[in-house]
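Novice: Mind having a look at this structure? Questions to follow.
The values are calculated or read from the model by the stated rules, or taken from the named source; none is laboratory data. All figures in this text were calculated on a predicted structure; none of them were measured in a lab. Cβ placement follows ideal geometry from the backbone for every residue including glycine, while neighbour counts extend to all protein chains displayed.
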Amino acid sequence: MTEHRSSEWYAGTDRNAYIHRAWMRRGLPENAFDGRPHIAIANSASDLTPCNSHLDEVMESVKAGIYEAGGIPLNLPVVSLGETQVRPTAMLWRNMAAMATEEMLRANPIDGVVLLGGCDKTIPALLMAAASVDLPAIVVPGGPMKIGTFQGAALGCGTDVWRLSEEVRGGTLSEQEFLKSESSMISSKGHCNTMGTASTMALVAEALGTIIPGLAGTSAVDSRLLENSHETGRLIVDLVTAGRRPSSFLTKGSFQNAIVTLAAIGGSTNAVVHLLAIAGRLGIDLTLDDFDSIGSGVPLLVNLQPAGRYLMDDFQRAGGLLSVLREVKDLLDPTALTVTGKPLVDYLDTARIWDKEVISVRESPLIPDAGIAVLRGNLAPGGAIIKPAAASPHLLQHRGKAVVFDSIEDMHARMDDPDLDVDADSVLVLRGCGPKGYPGMPEVSNMPLPKKLLEQGVRDMVRICDGRMSGTAYGTVVLHVTPEAAAGGPLAIVETGDWIILDVPGRRLTLDLSQEELNQRTPNKATVDGFAKPKRGWERLYVDHVMQADTGADLDFLLGSSGDKVSRESH
Ligand code: FES
Ligand code: MG
């Protein structure tokens with residue numbers, strides 16, 4: 001048997017090996033320590049991460065597969081992030097979850113890891129950890145929930161919360177009816193069933209090659225999830241034997257495949273910061289502009305909410321990810337490998353589209369060019385992004401007067417003020433919502449529209465913010481403005497009444513002021529007072545070290561990999 005990493009703990013007859021084995025026995029047979037691979041299951045199951053609460057069941061299937069292949073499975077609960085629950089935003093804790101998981105994988109006697117994630121930040125954090133410890137790793141995505149219904153119609157988890165709450169504010173739905181939909185919104189175990197961040201990251205992780213091809217998108221209630229979890233357990237033992245580490249097969253081409261996927265599925269803008277952060281851990285030179293250049297010309301083929309109509313169950317029934325990728329096979333890197341050791345493109349030929357309403361063929365896309373657009377200009381020198389697929393076509397080239405909010409609290413206090421000087425052509429600006437400013441870069445950029453305009457029937461306006469937007473949201477929203485206001489970005493000096501020019505085809509975001517006028521401006525006190533100034537703890541570490549959105553909002557000292565070596569014994 002090949003010598004595995006865990007043998008450094010368990011092999012031999014000395015006192016330390018005795019200690020490592022003795023404390024781990026607890027029912028394990030003696031041959032558990034004869035040199036076979038020990039596999040951690042990095043498990044983000046938690047009652048406070050409702051989208052992942054079924055992962056203990058998934059783990060049992062992974063365990064069975066690992067045993068079957070001659071390995072020893074070990075449950076490793078990891079920091080878990082419930083997108084809807086944690087304050088001030090789950091994104092503040094993504095890097096902490098990644099760092100804690102990386103360190104525990106390295107510190108423990110394990111040879112490989114199966115990563116169980118689902119809710120938005122959990123798969124990104126686990127992949128960042130796996131990349132930095134560089135142990136053989138495979139993701140099992142927990143899968144979307146089944147479709148709930150309300151008043152006879154399907155509810156899109158996430159997206160319909162935004163839609164229904166705007167209906168209430170616009171006076172077309174009563175609050176009572178709105179509240180009635182609450183118990184139908186989450187219809188089963190699993191994560192949001194729209195093409196939000198969780199669905200996006202699972203599909204993108206499969207395109208990267210880190211999931212058994214064909215698994216991502218499988219419903220949390222589908223028995224094929226457990227079947228593939230069992231198969232993943234067997235496969236991770238092979239990966240350990242073959243020494244197939246993330247660094248050995250994840251390449252720039254893998255990220256090309258992920259970006260093509262992101263565009264073709266109409267995926268969440270959050271994938272941009274997550275993919276940049278994962279690439280940063282692998283030392284792969286991926287830039288914000290790659291999202292525009294690789295994604296441009298990629299057609300939108302998937303008609304799912306929030307950009308379209310259907311939900312994840314429909315997507316799987318219609319053929320799933322592999323049927324989408326078959327349509328854009330020529331845009332994929334044919335050499336990029338998956339965890340199975342075979343290229344992703346080898347899995348596409350037998351895939352079929354069964355419902356062209358849900359998944360379009362290449363010849364008749366929903367939108368011919370669905371890539372995320374990267375905007376630059378004097379308002380976003382480091383770049384900003386917009387998802388044209390989720391925006392209103394008539395607003396993609398727009399000149400309007402700024403209505404500026406200094407903080408999320410300021411926005412909530414004034415947005416519905418009948419005296420607010422705003423009309424449908426105004427450009428809503430919200431600042432102080434970047435990684436440092438908030439802190440944690442929350443999903444607040446899709447500001448609710450002023451009540452008086454909703455009542456007039458306005459359903460979209462240009463919005464600009466240094467924060468993120470929920471993957472389940474939609475609208476003409478310019479996000480991730482870099483540098484953020486709290487890092488000296490020009491967003492901090494915009495004043496209400498300034499003219500702003502958005503030109504998505506031209507990739508420009510401009511504050512219509514001369515350089516001279518710009519130079520004379522300084523941020524007002526309310527803006528600066530709104531920036532976070534944490535004194536201690538994780539928030540302090542985060543604000544001192546977080547990088548900007550254009551490089552993935554990771555901490556500067558977490559870039560790259562430290563490998564799996566631990567230099568010293570504990571006794
Ligand atoms: Fe967990 Fe949407 S809240 S995936
Ligand atoms: Mg989210």
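Novice: Looking at segment 387-407, can you tell me whether even one residue there is assigned to a strand (DSSP E or B), under 30 Å from L325 (Cα atoms) and out of contact with any helix residue (DSSP H, G or I) (no Cβ under 8 Å at 6 or more places or on another chain)? Lay out the reasoning, then the answer.
Specialist: So in segment 387-407, the residues assigned to a strand (DSSP E or B) come out as 397-405.
If we keep only those that are under 30 Å from L325 (Cα atoms) as well, we get none.
Checking segment 387-407: not a single residue is assigned to a strand (DSSP E or B), under 30 Å from L325 (Cα atoms) and out of contact with any helix residue (DSSP H, G or I) (no Cβ under 8 Å at 6 or more places or on another chain).
Novice: Let me confirm something: among I110, I39, I138, which residue is touching a residue at least 40 places away in the same chain (Cβ under 8 Å), in a strand (DSSP E or B) and touching a Ser or Thr at 6+ places or on another chain (Cβ under 8 Å)? Spell out how you get there, then give the answer.
Specialist: Numbers: I110 fails: in a strand (DSSP E or B); I39 fails: touching a Ser or Thr at 6+ places or on another chain (Cβ under 8 Å).
Matching residue, one of I110, I39, I138: I138.
Novice: State all residues of segment 166-204 that are assigned to a helix (DSSP H, G or I) and within 16 Å of ligand 2 (Cβ to nearest atom); if no residue qualifies, say none.
Specialist: Going through segment 166-204, the residues assigned to a helix (DSSP H, G or I) turn out to be 166-170, 175-180, 182-185, 197-204.
Across segment 166-204, the qualifying residues are M185, T197, A198, S199, T200, M201, A202, L203, V204.
Novice: Next question. When the residues of segment 1-17 are narrowed to those that are over 37 Å from the mean Cα position of the chain (by Cα) and without any contact (Cβ under 8 Å) to a residue 60 or more places away in the chain, which ends up surrounded by the fewest Cβ atoms within 10 Å (Cβ to Cβ)? Can you show your working first?
Specialist: Filtering segment 1-17 for residues over 37 Å from the mean Cα position of the chain (by Cα) gives 1, 10-17.
Now narrow it down to the ones that are without any contact (Cβ under 8 Å) to a residue 60 or more places away in the chain: 1, 11-14, 17.
Working: M1: 10, A11: 16, G12: 13, T13: 6, D14: 8, A17: 16.
Filtering segment 1-17 for residues that are over 37 Å from the mean Cα position of the chain (by Cα) and without any contact (Cβ under 8 Å) to a residue 60 or more places away in the chain, the one surrounded by the fewest Cβ atoms within 10 Å (Cβ to Cβ) comes out as T13.
Novice: For segment 427-484: of the residues being hydroxyl-bearing (S, T, Y) and out of contact with any strand residue (DSSP E or B) (no Cβ under 6 Å at 6 or more places or on another chain), which is farthest from N524 (Cα to Cα)? Don't jump to the end; show me each part of the working.
Specialist: Pass one, segment 427-484, residues hydroxyl-bearing (S, T, Y): 438, 445, 470, 472, 474, 476, 482.
When the remaining residues are screened for being out of contact with any strand residue (DSSP E or B) (no Cβ under 6 Å at 6 or more places or on another chain), the result is 438, 472, 474.
On the way: Y438: 17, T472: 33, Y474: 30 Å.
Selected residue: T472.
Novice: While we're here: Given the condition touching a strand residue (DSSP E or B) at 6+ places or on another chain (Cβ under 9 Å), hydroxyl-bearing (S, T, Y), farther than 19 Å from L115 by Cβ and surrounded by fewer than 24 Cβ atoms within 10 Å (Cβ to Cβ), answer yes or no: does some residue in segment 260-283 qualify?
Specialist: The answer is no; no qualifying residue exists.
Novice: Follow-up question, since we're still on this one. Sort through I123, I186, I147 and tell me the only one that's more than 30 Å from G243 (Cβ to Cβ), within 11 Å of ligand 1 (Cβ to nearest atom) and aliphatic (A, V, I, L, M). Talk me through it step by step, then tell me what you get.
Specialist: Numbers: I123 fails: more than 30 Å from G243 (Cβ to Cβ); I147 fails: within 11 Å of ligand 1 (Cβ to nearest atom).
The conditions single out I186.
The rows are residues; the columns are (1) under 16 Å from N52 (Cα atoms); (2) surrounded by fewer than 16 Cβ atoms within 10 Å (Cβ to Cβ).
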| site | (1), (2) |
| --- | --- |
| R163 | no, no |
| E175 | no, yes |
| G190 | yes, no |
| S199 | yes, no |
| V240 | no, no |
| F249 | no, no |
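Novice: On the basis of being of a type in the set (A, V, I, L, M) and more than 15 Å from V78 (Cα to Cα), does A22 make the cut?
Specialist: Taking the combined requirement at face value, the residue satisfies it.
Novice: Here's something else I'd like to know. Which one of these does T269 not meet: (1) in contact with a Ser or Thr (Cβ under 7 Å, 6 or more places away or on another chain); (2) farther than 13 Å from L127 by Cβ?
Specialist: (1)
Novice: Same structure again: Can you find even one residue in segment 121-142 that is among the basic types (K, R) and within 16 Å of ligand 2 (Cβ to nearest atom)? Step through it out loud before you land on a result.
Specialist: Keep residues of segment 121-142 that are among the basic types (K, R), which gives 121.
Applying the additional criterion that residues be within 16 Å of ligand 2 (Cβ to nearest atom) yields 121.
There is at least one residue in segment 121-142 that is among the basic types (K, R) and within 16 Å of ligand 2 (Cβ to nearest atom).
Novice: Hey, can you tell me all the residues within segment 479-535 that are on the phi > 0 side of the Ramachandran plot and in contact (Cβ under 8 Å) with a residue 24 or more places away in the chain? Walk me through how you get there before you give the answer.
Specialist: Of segment 479-535, the ones on the phi > 0 side of the Ramachandran plot are 480, 488, 497, 507.
The answer is H480, G497, R507.
Novice: Also, quick follow-up: Every residue in segment 86-107 that is under 22 Å from P442 (Cβ atoms), assigned to a helix (DSSP H, G or I) and either of a type in the set (A, V, I, L, M) or within 12 Å of ligand 2 (Cβ to nearest atom) (or both), please. Steps first, please.
Specialist: Taking segment 86-107 and keeping what is under 22 Å from P442 (Cβ atoms), we get 86-100.
Right, trim to assigned to a helix (DSSP H, G or I) and you get 91-100.
Answer for segment 86-107, where residues must be under 22 Å from P442 (Cβ atoms), assigned to a helix (DSSP H, G or I) and either of a type in the set (A, V, I, L, M) or within 12 Å of ligand 2 (Cβ to nearest atom) (or both): M91, L92, R94, M96, A97, A98, M99, A100.
Novice: Is there a residue being within 16 Å of ligand 1 (Cβ to nearest atom), assigned to a loop (DSSP other than H, G, I, E, B), within 20 Å of the chain's Cα centre (by Cα) and under 28 Å from N193 (Cβ atoms) anywhere in segment 248-267? Lay out the reasoning, then the answer.
Specialist: Applying the first criterion (within 16 Å of ligand 1 (Cβ to nearest atom)) to segment 248-267 yields 265, 267.
Next, from what is left, pick out any that are assigned to a loop (DSSP other than H, G, I, E, B): 267.
Now restrict to residues that are within 20 Å of the chain's Cα centre (by Cα): 267.
With under 28 Å from N193 (Cβ atoms) added as a condition, the list becomes 267.
The answer is yes, given that some residue of segment 248-267 is within 16 Å of ligand 1 (Cβ to nearest atom), assigned to a loop (DSSP other than H, G, I, E, B), within 20 Å of the chain's Cα centre (by Cα) and under 28 Å from N193 (Cβ atoms).
Novice: Could I ask something else about it? Among the residues of segment 67-85 satisfying the criterion of being in a loop (DSSP other than H, G, I, E, B) and of a type in the set (S, T, Y), which is nearest to ligand 2 (Cβ to nearest atom)? I'd like the intermediate steps shown before the answer.
Specialist: Our first condition is that a residue be in a loop (DSSP other than H, G, I, E, B); within segment 67-85, this holds for 69-71, 78-85.
Among the residues that remain, those that are also of a type in the set (S, T, Y) are: 80, 84.
Numbers: S80: 15, T84: 8 Å.
If we take residues in segment 67-85 being in a loop (DSSP other than H, G, I, E, B) and of a type in the set (S, T, Y), then T84 is nearest to ligand 2 (Cβ to nearest atom).
Novice: How many residues does segment 18-47 hold that are out of contact with any strand residue (DSSP E or B) (no Cβ under 9 Å at 6 or more places or on another chain), surrounded by 11 or more Cβ atoms within 10 Å (Cβ to Cβ) and within 26 Å of T101 (Cβ to Cβ)? Write out each step before concluding.
Specialist: The initial filter retains those residues of segment 18-47 that are out of contact with any strand residue (DSSP E or B) (no Cβ under 9 Å at 6 or more places or on another chain), namely 18-23, 25-27, 29-31, 34-35, 47.
Applying the additional criterion that residues be surrounded by 11 or more Cβ atoms within 10 Å (Cβ to Cβ) yields 18-21, 25, 34-35.
This time we only want the ones that are within 26 Å of T101 (Cβ to Cβ), so: 19-21, 25, 35.
Residues in segment 18-47 being out of contact with any strand residue (DSSP E or B) (no Cβ under 9 Å at 6 or more places or on another chain), surrounded by 11 or more Cβ atoms within 10 Å (Cβ to Cβ) and within 26 Å of T101 (Cβ to Cβ): 5 in total.
Novice: Residues that are free of Cβ contacts under 8 Å to residues at least 40 places away in the same chain and of a type outside the set (S, T, Y): list the helices (runs of 4 or more DSSP H) wholly contained in segment 283-361 that include at least 1 such residues.
Specialist: Values: elements: 288-295, 312-317, 320-327.
Hits in segment 283-361: 288-295, 320-327.
Novice: Still on this structure, I have one more. Would you pick out the residues in segment 398-419 that are touching a Gly at 6+ places or on another chain (Cβ under 8 Å) and farther than 25 Å from P439 by Cα?
Specialist: Hit for segment 398-419 is K401, nothing else.
Novice: Residues to consider are V133, V114, V140; find the one that is in contact with a helix residue (DSSP H, G or I) (Cβ under 8 Å, 6 or more places away or on another chain) and within 16 Å of ligand 1 (Cβ to nearest atom).
Specialist: Numbers: V133 fails: within 16 Å of ligand 1 (Cβ to nearest atom); V114 fails: within 16 Å of ligand 1 (Cβ to nearest atom).
Matching residue, one of V133, V114, V140: V140.
Novice: Tell me, which residue of segment 466-523 that is within 16 Å of ligand 1 (Cβ to nearest atom) and not aliphatic (A, V, I, L, M) is modelled with the lowest pLDDT? It would help to see each step written out before you state the result.
Specialist: As a first pass, look at segment 466-523 and keep what is within 16 Å of ligand 1 (Cβ to nearest atom): 468-474.
Adding the requirement that they be not aliphatic (A, V, I, L, M) leaves 468, 470-472, 474.
Numbers: R468: 97, S470: 89, G471: 84, T472: 81, Y474: 86.
Top of the filtered list is T472.
Novice: Also, quick follow-up: For E166, all conditions in the list (1) more than 18 Å from T232 (Cα to Cα); (2) away from ligand 1 (no atom under 15 Å from the Cβ); (3) among the charged types (D, E, K, R); (4) at pLDDT 95 or above hold save one; what is the number of the exception?
Specialist: Condition not satisfied by E166: (4).
Novice: So, one more: For segment 446-454, does any single residue satisfy the condition of being within 16 Å of ligand 1 (Cβ to nearest atom) and either at pLDDT 95 or above or on the phi < 0 side of the Ramachandran plot (or both)? Quick ask: steps written out before the conclusion?
Specialist: Taking segment 446-454 as the starting set, the residues that turn out to be within 16 Å of ligand 1 (Cβ to nearest atom) are 446.
If we keep only those that are either at pLDDT 95 or above or on the phi < 0 side of the Ramachandran plot (or both) too, we end up with 446.
Yes: segment 446-454 contains one or more residues that are within 16 Å of ligand 1 (Cβ to nearest atom) and either at pLDDT 95 or above or on the phi < 0 side of the Ramachandran plot (or both).
Novice: Still on this structure, I have one more. Answer yes or no: is there a residue in segment 338-357 that is under 24 Å from T482 (Cα atoms), buried (at least 16 other Cβ atoms within 10 Å of the Cβ) and hydroxyl-bearing (S, T, Y). Reasoning before the result, please.
Specialist: Within segment 338-357, the subset under 24 Å from T482 (Cα atoms) is none.
Scanning segment 338-357, I find no residue that is under 24 Å from T482 (Cα atoms), buried (at least 16 other Cβ atoms within 10 Å of the Cβ) and hydroxyl-bearing (S, T, Y), so the answer is no.
Novice: Identify all residues within segment 521-571 that are β-branched (V, I, T) and not in a loop (DSSP other than H, G, I, E, B); write none if there are none. Step through it out loud before you land on a result.
Specialist: So the first thing to find is which residues in segment 521-571 are β-branched (V, I, T), and the list is 522, 527-528, 543, 546, 551, 566.
T527, V528, V543, V546, T551 - these are the residues of segment 521-571 that are β-branched (V, I, T) and not in a loop (DSSP other than H, G, I, E, B).
Novice: Still on this structure: Checking F291 against (1) within 20 Å of A384 (Cα to Cα); (2) surrounded by fewer than 23 Cβ atoms within 10 Å (Cβ to Cβ); (3) at pLDDT 95 or above, which test does it fail?
Specialist: With (1) within 20 Å of A384 (Cα to Cα); (2) surrounded by fewer than 23 Cβ atoms within 10 Å (Cβ to Cβ); (3) at pLDDT 95 or above applied to F291, the lone miss is (2).
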